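*Asks:* One structure, as structure tokens, below. Some questions next.
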Protein chains: 2
Amino acid sequence: MSILVVGSVALDTVETPFGRANGVIGGSATYFSAAASLFHPVQLVGVVGGDYPLGELDFLAQRGVDLAGLTRETGESFHWVGAYGFDLNVAETRETRLGVFAGFRPHLPDAFRSAEWVFLASIDPELQYEVLEQVNSPRLVACDTMNFWIEGKRDALLRLLGRVDVLLINDAEIRALSGEHNLVAAAKWVQARGPEIVVIKKGEHGAMLMTPETIFFVPGFPLEELYDPTGAGDSFAGGFLGYLAQSGTCSSDDLRRAMVYGSAMGSFAVERFGVSRLRELTIREVEERVQAFRQMTTFETPIVAGSHV
Amino acid sequence: MSILVVGSVALDTVETPFGRANGVIGGSATYFSAAASLFHPVQLVGVVGGDYPLGELDFLAQRGVDLAGLTRETGESFHWVGAYGFDLNVAETRETRLGVFAGFRPHLPDAFRSAEWVFLASIDPELQYEVLEQVNSPRLVACDTMNFWIEGKRDALLRLLGRVDVLLINDAEIRALSGEHNLVAAAKWVQARGPEIVVIKKGEHGAMLMTPETIFFVPGFPLEELYDPTGAGDSFAGGFLGYLAQSGTCSSDDLRRAMVYGSAMGSFAVERFGVSRLRELTIREVEERVQAFRQMTTFETPIVAGSHV
């Protein structure tokens, strides 16, 4: 069964120290789908305006993304204008024009209601909840959020978390959500409110997985050239959920591998502007990067060190 | 052959959100020795004043630290007064009383000149260089530095780096030294100036090793309770050099394991105030933590993921 994703399908104008992209396709659901569809069929729910270059999403359809849930409404598409400095970890939002996204009420086509794997990208937690109400019996529900909702819709977010299995969130956000600076304490705070699986994304510092059974770290891939961090987190989520859906199980070992596949997809996403790197990416390249992660983190069982003491 | 360490032997007054330690023993050479001596004999070079509680260093002597190079001079010992906020990554120095350390000119006892492994803790790079001049034929020379020297003694530091094999440095410092924000580019900048082995310490985010042959990451140990970050970097260096000296070789595999032993020692150091945790630490506890690191970073060779495309 498919992976259902609900999120933004946007136009992005992004400036980094390495260049500028003007009105290119972006949005959380777009990045997620581009990443996840390398592993498993995806069903996308979102909204665009009359100005959206729908032809640019053809590559998603060709990879098995069902766009039947993408509605087109009269008006302008969601447009995000942002910039990054040399510290590529933090985006500065210069302009957000919501356009038709302002009135977005996700409505799932019948064929989408039986989705087994669900990713609720960072939109209003009330809408995230509405989506869940339309899915019959999901096997695994993952969601993302951000400070705007943590501050503005805290109660709705907490209600949502009670029905979520996996929270994917960045380090600053989980600190704001939990009030705990220590990430282990913050993850436990979240676990007590619903999601047993907590994935903390730390940008260049990698990501951390905490479940009741396991704790796992994956580093950030050491790219020397990194052009555009936009979409890295959603691409991570796409690799993570895509790998799990493909493997069909969620053991601790699967979750660990999913973390690495997620990190690999995030690392590819930032190598070029927009979705251009993900668009041409092959599964072989992903496998090679997963092996590179393995190489970067493996150490042999240590020889038991005697002490001269 | 022994590990030679030159650095500060200080009194620390430290305040963190979790408590306060008043005039306890500290200093880079002290932390380094406490960590390294669990693995290999150490020779310490430093200076203290008449006020220093030398008895507190007895545990080092009992572990095989030769204190013949620790001179006692008339005057006050080096005293550092610092504080940490809830973000335990950054220390705020409130007071530095150099005391007898201001006139420190390291002089190696004859028996120390044949040391094979050398750690030059973060002191004036001119003094670090003077120490090297007194060592006959070291097998591996490692050094640390900090922004104070990067800014104030840049030429002397660059001259020193030409004779150093391993630079252990934190992320902010290597960025300041190299002018490169990207850590891979920063490490290459350093490698071009001497040290083939670059270890970048990233506090809670772990550490990264770059050599011409290998790149390796180890995460920060996920401590829920962390009391005093003082000495974490020097304890890391002690575990790193101590493990290498004990194994007697410096292959890529050795260096990877040394990174994990270093991280383990750093993680123990911060569990209590001052050196109290390192003082009572056993090699068995270290081995258990190394296994925990392994558990936190291992993922099975992935099943080759087919694509549904």
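*Asks:* For A:VAL166, only one of the following conditions fails: (1) under 20 Å from A:VAL45 (Cβ atoms); (2) touching a Phe, Trp or Tyr at 6+ places or on another chain (Cβ under 7 Å). What is its number?
*Replies:* (2)
*Asks:* Within the range A:13-45, track down each residue that is of a type in the set (Ser, Thr, Tyr), assigned to a strand (DSSP E or B) and at pLDDT 95 or above.
*Replies:* Across the range A:13-45, the qualifying residue is only A:THR13.
*Asks:* Output the number of residues of the range B:133-143 satisfying the condition of being under 17 Å from the mean Cα position of the chain (by Cα) and either among the aliphatic types (A, V, I, L, M) or not in a strand (DSSP E or B) (or both).
*Replies:* Looking only at that region, the number is 3.
*Asks:* Suppose we filter A:ILE200, A:ILE123 for residues that are in contact with a helix residue (DSSP H, G or I) (Cβ under 6 Å, 6 or more places away or on another chain) and on the phi < 0 side of the Ramachandran plot; which single one remains?
*Replies:* Exactly one of A:ILE200, A:ILE123 is in contact with a helix residue (DSSP H, G or I) (Cβ under 6 Å, 6 or more places away or on another chain) and on the phi < 0 side of the Ramachandran plot, namely A:ILE200.
*Asks:* Something else now. Kindly check whether there is at least one residue in the range B:254-261 that is more than 8 Å from chain A (Cβ to nearest Cβ) and not charged (D, E, K, R).
*Replies:* Yes, the range B:254-261 contains a residue that is more than 8 Å from chain A (Cβ to nearest Cβ) and not charged (D, E, K, R).
*Asks:* When both residues are 6+ apart or on different chains and their Cβ atoms are under 9 Å apart, which pairs have a first residue that lies in the range B:35-48 and is at the interface with another protein chain (Cβ under 8 Å from one of its Cβ atoms), and a second that is of a type in the set (D, E, K, R)?
*Replies:* Close Cβ pairs satisfying both conditions: B:SER37/B:ARG63; B:LEU38/B:ARG63; B:PRO41/B:ARG63; B:PRO41/B:ASP66.
*Asks:* Something else: Specify which of the listed residues (B:ALA91, B:ALA102) is away from chain A (no Cβ under 14 Å), under 16 Å from B:VAL14 (Cα atoms) and of a type in the set (Gly, Ala, Ser).
*Replies:* B:ALA91
*Asks:* Moving on. Is it fair to say A:ALA83 is in contact with a strand residue (DSSP E or B) (Cβ under 6 Å, 6 or more places away or on another chain), of a type in the set (A, V, I, L, M, F, W, C) and surrounded by 20 or more Cβ atoms within 10 Å (Cβ to Cβ)?
*Replies:* no
*Asks:* Looking at the range B:90-108 only, could you name the residues that are out of contact with any Ser or Thr (no Cβ under 9 Å at 6 or more places or on another chain) and either small (Gly, Ala, Ser) or surrounded by 14 or more Cβ atoms within 10 Å (Cβ to Cβ) (or both)?
*Replies:* Hits for the range B:90-108 are B:THR96, B:LEU98, B:ALA102, B:GLY103, B:PRO106, B:LEU108.
*Asks:* A further question on this structure: For the range A:46-77, what are the residues that are more than 15 Å from A:PHE112 (Cα to Cα) and assigned to a loop (DSSP other than H, G, I, E, B)?
*Replies:* Those that are more than 15 Å from A:PHE112 (Cα to Cα) and assigned to a loop (DSSP other than H, G, I, E, B): A:GLY50, A:ASP51, A:TYR52, A:PRO53, A:ARG63, A:THR74, A:GLY75, A:GLU76, A:SER77.
*Asks:* May I pose another question? Could you run through the range A:144-178 and say how many residues are among the basic types (Lys, Arg) and assigned to a loop (DSSP other than H, G, I, E, B)?
*Replies:* 2
*Asks:* Another question, then. Check off (1) over 24 Å from A:LEU209 (Cα atoms); (2) modelled with pLDDT of 95 or more; (3) within 9 Å of chain A (Cβ to nearest Cβ) for B:PHE293 and give me the number that stays unchecked.
*Replies:* Exception for B:PHE293: condition (1).
*Asks:* Would a scan of the range A:59-74 turn up a residue that is surrounded by 13 or more Cβ atoms within 10 Å (Cβ to Cβ), out of contact with any helix residue (DSSP H, G or I) (no Cβ under 9 Å at 6 or more places or on another chain) and at negative phi?
*Replies:* Checked against the condition, which is being surrounded by 13 or more Cβ atoms within 10 Å (Cβ to Cβ), out of contact with any helix residue (DSSP H, G or I) (no Cβ under 9 Å at 6 or more places or on another chain) and at negative phi, the range A:59-74 yields at least one hit.
*Asks:* List pairs: first in the range A:100-128 and under 23 Å from A:VAL166 (Cα atoms), second charged (D, E, K, R) and buried (at least 23 other Cβ atoms within 10 Å of the Cβ), Cβ under 6 Å, 6+ apart or cross-chain?
*Replies:* That search, which allows pairs on different chains as well, returns A:ALA121/A:ASP144; A:SER122/A:ASP144.
*Asks:* If I ask for residues that are buried (at least 24 other Cβ atoms within 10 Å of the Cβ) and either within 14 Å of chain A (Cβ to nearest Cβ) or charged (D, E, K, R) (or both), which ones from the range B:13-34 would you list?
*Replies:* Answer for the range B:13-34, where residues must be buried (at least 24 other Cβ atoms within 10 Å of the Cβ) and either within 14 Å of chain A (Cβ to nearest Cβ) or charged (D, E, K, R) (or both): B:SER33, B:ALA34.
The values are calculated or read from the model by the stated rules, or taken from the named source; none is laboratory data. Every value quoted in this text rests on a predicted model; they were computed, and no experiment measured them. Because the Cβ atoms are built from the backbone with ideal geometry, glycine has one as well, and the counts that use them run over all protein chains shown.
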